[in-house]
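Take a look at the structure below.
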Amino acid sequence: MSKFKVENNHMPQKSPVQPKKHLGQHFLTDLNIAQQIAQTLSLCGYKQVLEIGPGTGVLTQFLLEKDTEIFVIEIDKESVAYLQAFFPKLKGHILSEDFLKFDIVSYFNKTPFAIIGNFPYNISSQIVFKLLEIRFFVPEFAGMFQKEVAERICEGPGSKSYGILSVLTQAFYETEYLFTVPEHVFNPPPKVKSGVIRLKRKEDYTLACDEKMFFSVVKTAFGQRRKTLRNSLKSFLLERDTLKAEPLFDKRPEMLSVAEFITLTQWLSAPNS
């Protein structure tokens, strides 16, 4: 039996669930912002939506107004009990699991679904990398990150913020930074601002190169981002004399577009002549 008492089928004005520091929880308290985030999804090309880390359901309540099937995945047992007590519409749709470890694709029987959430800052980048692994089933992704991470995902070439997360995400998704959220609308207030973004999968989300090699080239290049590609990618260039004179290798990684990283990967994965 839930420890939370339901009165007149309404949520209490103040949630008894306390945010937990070790889970990176900062509960959004501004209903207008929660509603704006819920509205970021187009609801096109899929019939199911997964919210990651719903906490006390501030965003969930607006998602449940949508004409689609809503599921939530939450690792915090106290939050799960709260959601079970106050959101009867979620019956059978609450996953008490760790998103990073759970086989969500099998759960949805390999059918398309969107992902949304106010993502815990301490695992937000990992959530994006997991998204890239399951991108064949996720046409749309939206939610809130630490502002710096949100900007990094959407940043273009030539910026110090442009990096691994930018290139790998933009290789498969169109990225859009939507709006900034101030610190004071959270409990507890984080020390940084937040940013809401939306990702829409590209029509052609396969790469014209070896994808495993592409990931490796991007990560290796940005692992030594102050060096030119000629130096940071030395291990890939061994015995490839025909490539060593290419001007592209004189650049630093933050100067390359996604298309140029694809070209680079094509060169490096081609049989050595």
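The values are calculated or read from the model by the stated rules, or taken from the named source; none is laboratory data. It should be emphasised that the depicted structure is a prediction, and the values quoted were computed from it without experimental measurement. In this analysis, Cβ positions are derived from the backbone assuming ideal geometry, glycine residues included, and neighbour counts consider all displayed protein chains. Just the protein is used for accessible areas: all its heavy atoms, side chains included, with ligands, DNA and RNA removed. Shrake-Rupley method; radii C 1.70, N 1.55, O 1.52, S 1.80 Å.
Anything in the stretch 118-145 that is under 18 Å from Val181 (Cα atoms) and out of contact with any Leu (no Cβ under 7 Å at 6 or more places or on another chain)? List them, or say none.
Phe119, Tyr121, Asn122, Ser124, Gly143, Met144, Phe145
Which of (1) touching a His at 6+ places or on another chain (Cβ under 9 Å); (2) in contact (Cβ under 8 Å) with a residue 60 or more places away in the chain is the odd one out, the single condition Val72 does not satisfy?
(2)
Give the number of residues within the stretch 166-175 that are within 15 Å of Val218 (Cα to Cα) and open to solvent by 10 Å² or more (accessible area, probe 1.4 Å). Full working, then the answer.
If we filter the stretch 166-175 for residues that are within 15 Å of Val218 (Cα to Cα), which is where we start, we get 166-172.
Now narrow it down to the ones that are open to solvent by 10 Å² or more (accessible area, probe 1.4 Å): 170.
Residues that pass the stated criteria total 1.
What helices (runs of 4 or more DSSP H) completely inside the stretch 185-273 contain at least 3 residues that are surrounded by fewer than 15 Cβ atoms within 10 Å (Cβ to Cβ)? Can you show your working first?
Details: elements: 211-223, 229-232, 234-237, 258-269.
Qualifying helices (runs of 4 or more DSSP H): 211-223.
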